[in-house]
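First up is the structure itself, then whatever we jot down about it.
Quick note: the coordinates plus some simple rules give every number you see, no bench work behind them. None of the values given here were measured: they were computed from a predicted structure. Because the Cβ atoms are built from the backbone with ideal geometry, glycine has one as well, and the counts that use them run over all protein chains shown.
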Amino acid sequence: MLDAEMKSQLGAYLERLVDPVEITAFVDESAESRNMLSLLADIASLTSRVTVKESRDGGGRTPAFSLAKAGEPARVTFAGLPMGHEFTSLVLALLQVSGYPPKVDQAVIDQVKGLQGEYEFVTYISLSCQNCPDVVQALNLMAV
């Protein structure tokens, strides 16, 4: 799915993964699921710190995939293929889920950690929206 140049660039980012990341792919027999599995296989082929497992129980969202630090519950889920400018959101989510420190002021991190209660963020994006990547990345950071 990814061309050689994209794989090279992605491989450089994946070297920064701190802890292993488990990707659970929620798939069916559709072409969209096959495309998503192809993308995830490309990612896993670039580092031993990423593993992919398949599940047929996507909870109503198929194809989709969740990211979790090995041994922990999933914190971030993508429905469909995060391509175009949303691919950056996927790369940052992989890094953050692995424990790589985000480039955010400590005051912001402290505010997020200070939030009381449990929250579930469901974000819908438009590939033509120029603000969506920033919003997705902010919410993913909060989820992690």
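Here the simple spin-label model places points 7 Å from the Cα toward Cβ, and for LYS103 and ARG75 these points are separated by 1.9 nm. Straight-line reach from LYS113: taking Cα to Cα under 21 Å and skipping same-chain neighbours fewer than 8 places apart, the lysines in range are LYS69, LYS103.
When the Gaussian network model of the chain links Cα atoms closer than 10 Å, the mean-square fluctuations of ILE125, ILE109, ILE23 top out at ILE109. Taking every DSSP beta bridge that has both ends in the chain, the antiparallel portion is near 60%. Along the Cα-to-C-beta direction of LEU139, a point sits 7 Å from the Cα; which residues of segment 57-88 have their amide N less than 19 Å from that point? Backbone N within reach: 59-68, 74-88.
In percent, what relative contact order does the chain have, based on Cα pairs under 8 Å that are 6 or more apart in sequence?
Relative contact order for the chain comes out at 25 percent.
Principal-axis analysis of the Cα atoms of the chain puts helix 87-98 at an angle of about 70° to the longest axis. For segment 22-115, the alpha-carbon radius of gyration amounts to 1.15 times the rule-of-thumb value 2.2 N^0.38 Å expected for a compact globular protein.
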